[in-house]
Structure formats: structure tokens, C-alpha cells
1. Mind checking which residues of the range 58-68 are closer than 18 Å to residue 5 by Cβ and surrounded by 15 or more Cβ atoms within 10 Å (Cβ to Cβ)?
2. Among the residues of the range 23-37 satisfying the criterion of being surrounded by 12 or more Cβ atoms within 10 Å (Cβ to Cβ) and in a loop (DSSP other than H, G, I, E, B), which is modelled with the highest pLDDT?
3. Only residues that are more than 10 Å from residue 34 (Cα to Cα) and assigned to a loop (DSSP other than H, G, I, E, B): list them for the range 47-62, please.
4. I'd like the residue in the range 1-48 that is more than 17 Å from residue 77 (Cα to Cα) and among the small types (Gly, Ala, Ser) and, out of all such residues, is farthest from the chain's Cα centre (by Cα).
5. Scan the range 53-69 and report the pairs whose first residue is touching a residue at least 60 places away in the same chain (Cβ under 8 Å) and whose second residue is polar (S, T, N, Q) and surrounded by 15 or more Cβ atoms within 10 Å (Cβ to Cβ), with Cβ atoms within less than 7 Å and a gap of 6+ or a chain change.
6. Looking for something in contact with a Lys or Arg (Cβ under 7 Å, 6 or more places away or on another chain) and either surrounded by 10 or more Cβ atoms within 10 Å (Cβ to Cβ) or of a type in the set (S, T, N, Q) (or both) - is there at least one such residue anywhere in the range 43-56?
Amino acid sequence: QVTINTLIQTVWGVLLQKYNNSSDVVFGSVVSGRPGDIPGVEYMIGLFINTIPVRVQSEQGETFAELMKRTQRQALASNAYDAFP
């Protein structure tokens, strides 16, 4: 019940946690930043990419599947901020 992107981001987050000896890491993820609800977006030209933070925070005794599901929920909640500078 998660996307391939969430799987990759969770694996990357866990790898960064291991390298940094931390249970909480943040890294950037690039999004298109061109939502369809902007009036006239189909006529606009330019670079609309944006980098949003992805936080992977492991809890004691949490399984990888639980961590992935939480990361997926966070990713869905962050979609509202894709166009913010």
C-alpha cells in the first residue's frame, strides 16, 4: 500500500540513519511544483521544480513496513506544499 517512491525514500532514509547513527534524518526530494489548479498553468513557461524536505524518523521497535506506511502518509500530506517557495 505504498508507492515505489516511498519505498526508495524510506530505504534511503534508513541508510542515512545508519551512516549518521541517528534515528531521525531529513533530506530533500524534488517535485514538479506545477499543480493543475493554477489558472492558466498550461500557458506558462519556466522551471517549476521545487525541493521539499522528507523526514524519516524511526521509532524503537517499529517494523520497516510500519515506517514505510508512515512515510507514505507524510508524503501524501506534504503534497499540499509542493508549490511553496
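1. Scanning the range 58-68 gives 67, 68.
2. The selected residue is 23.
3. 58, 59, 60, 61, 62 - these are the residues of the range 47-62 that are more than 10 Å from residue 34 (Cα to Cα) and assigned to a loop (DSSP other than H, G, I, E, B).
4. Going through the qualifying residues, I end up with 40.
5. Between residues of the range 53-69 that are touching a residue at least 60 places away in the same chain (Cβ under 8 Å) and residues that are polar (S, T, N, Q) and surrounded by 15 or more Cβ atoms within 10 Å (Cβ to Cβ), the close pairs are 68/6; 68/10.
6. Yes; the residues of the range 43-56 include at least one that is in contact with a Lys or Arg (Cβ under 7 Å, 6 or more places away or on another chain) and either surrounded by 10 or more Cβ atoms within 10 Å (Cβ to Cβ) or of a type in the set (S, T, N, Q) (or both).
The values are calculated or read from the model by the stated rules, or taken from the named source; none is laboratory data. None of the values given here were measured: they were computed from a predicted structure. Backbone-built Cβ (ideal geometry, glycine too); neighbour counts: all protein chains shown.
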